[in-house]
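The values are calculated or read from the model by the stated rules, or taken from the named source; none is laboratory data. All values reported here derive from a predicted model rather than from experimental measurement. Neighbour counts are summed over all protein chains in view; Cβ atoms, including those assigned to glycine, are modelled from backbone coordinates with ideal geometry. Heavy atoms of the whole protein, side chains included, go into the accessibility calculation; ligands, DNA and RNA do not. Shrake-Rupley method; radii C 1.70, N 1.55, O 1.52, S 1.80 Å.
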Amino acid sequence: MKAIIMAGGEGSRLRPLTCGRPKPMVPVLNRPVMSHIVELLKEHDITDIGVTLQYMPEAIRDYYASGADYGVNLRYFVEETPLGTAGSVKNAAGFLDETFLVISGDALTDLELSRAVEYHKKQGAMATLVLTRVDSPLEYGVVITGKDGKITQFLEKPGWSEVFSDTVNTGIYVLEPEVLEYFETGKKFDFSKDLFPLLLKRQEPLFGLVLPGYWCDIGNLQQYLEAHHDALTGKVKIKMPGTEIRPGVWVGDGTLIDPDAVIEGPALIGAGCQLGAGVRVEPLTVLGDNCVLQERSTIKRSVVWGNAYIGENVALRGAVIGSRVKLYSKAGVYEGAVVGDDSIIKENSLLKPDVKLWPHKLVETGATVQKSLIWGTCTPKKYFGIEGVSGLANVEITPEFAAMLGAAFGSVSGRGARLAVSCDNHTSSLMLKEAVVSGLQSSGPAVQDLGIGITPMLRYAVRALDCQGGVHIKISPQEPGRVTMVFTDSRGANLSRGMERKVENALAREDFARVEASRIIPPEQVPDLPRAYLAAICSDLNIDMVRKTRFKLLLAYDPVNLESFISGLAGQMGFLHEVYKHERARGSWYADQEIIPDMARAVVARGAGAGAVLDPNADRLILIDDQGQVIKDDLLVALISLIILKEQKGPVVVPVTAPQAIEALAERYQGKVVRTKTAIQDLFDKMLAEEEDTGGVYQLLMHFDALSALAKILDYLTRQQMVLSELIAEVPNFFTYNREVPVPWETKGRVIRTLIQNSSNERLELLDGIKVFHPDGWALVLPDPEKPVCRVFSEGSTMEIAESLTDMYIKKISAIASSKN
């Protein structure tokens, strides 16, 4: 026997799930719903199947091909224009030379099709309609039959006043080929509206059979969720994918579940998923294949399609999440909300109940979405942030993206440009470096492959090798799962904003130069670069004096990335060092700062001359003096400024956030202070502007190279025969404080404008943000370029005054941001 699967549906009521796919390809239990129909037909020994197509026919034809993988024979019949249900079947008339069955490709059912075929033949029917009983027949075609099973009346989608039965048409029919002779080929004709009423009028043998079992039309988003719930609870007889690891919990092959994750059935976890510690998958949840759930995320009564990324502390409740959607930490999606494919929901965002996001949407950090979003895309306006291009490794920063970014940078740099590339010693960085190199090569530059290293080594190499720029890929100091790609110009400085925009524009347009295969330049390996970099650090130091002093250091650093550099520097300078190990160390620069109080006590207890904490790529430094005082942030800037002033290495360049104590030091040593914006590019530019005559490179290394800064401070202490606590005592006392306050992106401009207007009677500085001077201190308000927040920095004559200034401006900003003017 033959069958026809009607698979031409567009599924407009299922949007945004059907944006970019026909309705029969919408997954149920991680497989297209049509696959369940194919399996049902095969169970009833119906394997010769025609498929009628109209909307996006290639999607179905490419997926199922000949049907051999499913044990059936498939033939396809495409409507060029919509022909209605009967018209589409007549389009396959040449295939239908015997009694055949018609079934919808976008419903979920387990009805006994063989019984319907037997009944049809027994009754000698021309057409038999398979019927079922439903609670609410308003959305279906109601059918009345006599005691003998003959159909006596139809009513399509009645109102309650017209309802005369709860028996409805399932769209499953057993038909004789002769029914197709009742209307013309190529004419729009419908089974329930046109053909069956015509057969009834002509008193042809038209029967209806009510079959027990499950049937769901999946006509809207609520029914889509209900179909999953019914499948999970066993209301429909359907084959569950994966292995039932305990009653009601099915898990696919290759899925990794942390021992601290909790799964409450009924639930289905697809193949290749990763569930982190503290994850909770609650009842009536389906996860597609290759989903990643980070720590403490919770999902309940939701359907998540394949390749989704669910960040830390994300909450999903009664939602449907499309393919390749990314939800970042602390995002929430609630009852009835649907997120279309490839959308991005940033940190701390919220989707209210019943909100629909069409595919490729971007919800910014901290946003609350209260109505559906149809237009727009998730393409970011900016890729470069404070330090470079950052994102989750293999989620936001994928090899494909890294290659495209490399091609964009190479295209902007120009064919034949010498560009250096390095990465730290972490697996994701190594992977992405290869992708960046490929992208650069494709656009024509000559790549200098520096291998494994640290950011300051790349900056040194760009200058030493006469390169036009460079890229260093590293683990983000904020969290180990993120990577940052630092791009530099020919000076080793971060790219200017203008150059960043050129790279972003090339990337957005995919406007890449492509060289002929014969002109692709192979990467050149640069040997022994770490040794040359360390030698450059030590070149202007009094190494003999440091060696004689045998300075003892207690160090905390990432051994995976820095061990060879630390041991190499210690070997060249001759200082003694001991590695401080702590059970709370977690590998993140910010998290590991929690160990500093304990480490400070250890410096004193072990009689070390100083302690130092270095970030994994030697970009940042924290010092601890011999008395256990922690020297970081503003105090470290002041210490470096003090050394520069005492060494007469030129004007001190510091950001606007630095304490006024630096001006006091400059006055003491007849020096000069140059204040600049907080952006890395501005600090680099100002420091390098002094390079020729006043040692700008010295300052640059002190601020942006933790190893160089450590070496130069040790050298200075040795030459001056001082201990670190004596040197830091020369810095005047100061009191600084900072906090951040949430401010929506669209409100930031109004906040700054209003603060300027309301501070007209105060002394203002508008170098970077708005800095307001008060009798006992100052407050600086800076809009953050990466997050919907403003940062408030303050300095006061006492810590109480500094904190009160910050709190005062936090309140002012909150009031302005919440006002409607």
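Computing Rg and the Kirkwood Rh from the Cα coordinates of region 643-694 gives a ratio, Rg/Rh, of 0.96. A compact globular protein would have a Cα radius of gyration near 2.2 N^0.38 Å; the ratio found for region 445-485 is 1.27.
With Cα atoms as the point set, the radius of gyration and Dmax of region 714-821 evaluate to 17.7, 62 Å. Here's the picture: charge each Lys and Arg Cβ at +1 and each Asp and Glu Cβ at -1 in the chain, and of Ala661, His774, Phe191 the one pushed furthest to the positive end of that dipole is His774.
For Arg280, nonlocal amide neighbours, meaning residues 5 or more places apart or on other chains whose placed amide H falls under 5 Å from its own, are Val262, Ser297, Thr298, Ile299. Label-to-label distance for Lys548 and Ser725 is 2.5 nm, based on points extended 7 Å past Cα in the beta-carbon direction. Here, region 548-679 has an Rg and a Dmax of 16.2, 47 Å when only alpha carbons are counted. With a ≥ b ≥ c the root eigenvalues of the C-alpha gyration tensor of region 1-57, is it rounded (a/c under 1.5), prolate (a/b larger than b/c) or oblate? Here region 1-57 falls in the oblate category.
Converting the Cα gyration tensor eigenvalues of region 23-107 into ellipsoid dimensions via √(5λ) gives semi-axes, longest first, of 19, 16, 12 Å.
In this structure, Ser567 and Glu786 have a Cβ-Cβ separation that, at R0 = 41 Å, corresponds to a calculated FRET efficiency of about 0.70. Of the trypsin sites (Lys or Arg not before Pro) found in region 219-289, those in coil by DSSP whose Cβ has at most 15 other Cβ atoms within 10 Å are Lys235, Lys237, Lys239. Counting pairwise Cα distances across region 473-534, what percent come out greater than 15 angstrom? Beyond 15 Å sits 75 percent of the P(r) for region 473-534.
Calculated on the Cα set of region 412-461, radius of gyration then Dmax: 10.9, 30 Å. What percent does the relative contact order of region 621-706 come to when contacts are Cα pairs within less than 8 Å and at least six residues apart? About 26 percent, as a whole number. Sparse packing (at most 12 other Cβ atoms within 10 Å of the Cβ) combined with a DSSP loop state is found for the following GluC sites (Glu not before Pro) in region 162-267: Glu184. The convex hull around the C-alpha trace of region 353-446, projected and averaged over every direction, spans 7.9 square nanometres.
Over all projection directions, the Cα-based convex hull of region 515-615 averages an area of 9.8 nm². With 5 Å bins beginning at zero, the pair-distance distribution over Cα atoms of region 414-551 amounts to 2, 10, 17, 20, 19, 14, 8, 5, 2, 2, 1, 0 %. Sequence-distant contacts, meaning Cα pairs under 8 Å at least 6 residues apart, place the relative contact order of region 286-367 at 21 percent. Using all pairs of distinct alpha-carbon atoms, the Kirkwood hydrodynamic radius of region 170-274 works out to 18.0 angstrom. When the solvent-accessible area of the chain is split by element, carbon and sulfur atoms take up 48 percent of it, the probe being 1.4 Å.
Under Stokes-Einstein, with the Kirkwood radius over Cα pairs as Rh, the value for the chain at 25 °C and 0.890 mPa s is 78 µm²/s.
Over region 520-578, the pair-distance histogram of Cα-Cα distances with 5 Å bins from zero comes to 4, 16, 22, 21, 17, 8, 5, 3, 2, 1, 0 percent, rounded to whole numbers. Using a/c under 1.5 as the rounded threshold, could you call region 64-158 rounded, prolate or oblate? The axes a ≥ b ≥ c are square roots of the C-alpha gyration tensor eigenvalues, and prolate needs a/b larger than b/c, oblate otherwise. It is prolate, given that a/c is not under 1.5 and a/b is the larger ratio. For the chain, the relative contact order comes to 6 percent (Cα pairs under 8 Å, sequence separation of at least 6). Within region 263-383, the ratio Rg/Rh, alpha carbon atoms throughout and Rh by Kirkwood, equals 0.95.
When the Cα atoms of region 597-644 are aligned to their principal axes, the ranges along those axes come out at 30, 25, 15 Å in descending order.
Heavy-atom accessible surface of the chain, averaged per residue, reaches 42 Å², computed with a 1.4 Å probe. If R0 equals 30 Å, the separation of the Cβ atoms of Glu578 and Met799 corresponds to a calculated FRET efficiency of about 0.35.
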